[in-house]
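The values are calculated or read from the model by the stated rules, or taken from the named source; none is laboratory data. Computed from a predicted structure; not experimentally measured. Because the Cβ atoms are built from the backbone with ideal geometry, glycine has one as well, and the counts that use them run over all protein chains shown. Calculation scope for accessible area: heavy atoms of the full protein, side chains included, ligands and nucleic acids excluded. Shrake-Rupley method; radii C 1.70, N 1.55, O 1.52, S 1.80 Å.
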Amino acid sequence: MNKSEERNLIKVATLYYKEGLTQVEISKKMGVSRSLISKWLVAARNQGFIEFFFNSEEVYSVNLENQLEKNLV
């Protein structure tokens, strides 16, 4: 991945996660399709550019609950 591609991933992720723009809004702003924005968001996460942190004591309980639900299905 070159610097230009990396910059696009970071820009899209910032607009989406920090600025709160929708994928449609970002696609119009950048002049590309919404599906490309979606692919770039997935790529940014897969490359490790995006990490999620939940700041709550309930995270452990919710994670355990989700695991139990997956095992019951």
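Structural remarks
- Of the residues 12, 59, 24, the one that moves most in a GNM of the chain with alpha-carbon contacts below 10 Å is 59.
- In summary, the aspartates and glutamates within cross-link reach of residue 29, defined as a Cα separation below 14 angstrom excluding same-chain residues under 8 places away, comprise 19.
- Dipole of the chain, positive direction: furthest Cα of 54, 22, 33, with charges on the beta-carbon: 33
- Only one of [x] 15.8, 45; [y] 18.6, 59; [z] 14.1, 41 was calculated from the structure for Rg and Dmax of the Cα atoms in Å, and its label is [x].
- The GluC sites (Glu not before Pro) found in region 1-70 that occupy coil by DSSP, while having at most 14 further C-beta atoms within 10 Å, are 19, 51, 57, 58.
- Region 20-73: chymotrypsin sites (Phe, Trp or Tyr not before Pro) falling in loop per DSSP and having at most 10 other Cβ within 10 Å: 52, 53, 54
- Ligands, DNA and RNA are left out, and with a 1.4 angstrom probe the accessible area of the chain is 83 Å² per residue.
- For residue 22, net neighbour charge (Lys/Arg +1, Asp/Glu -1) across residues whose Cβ lies under 12 Å away: +1
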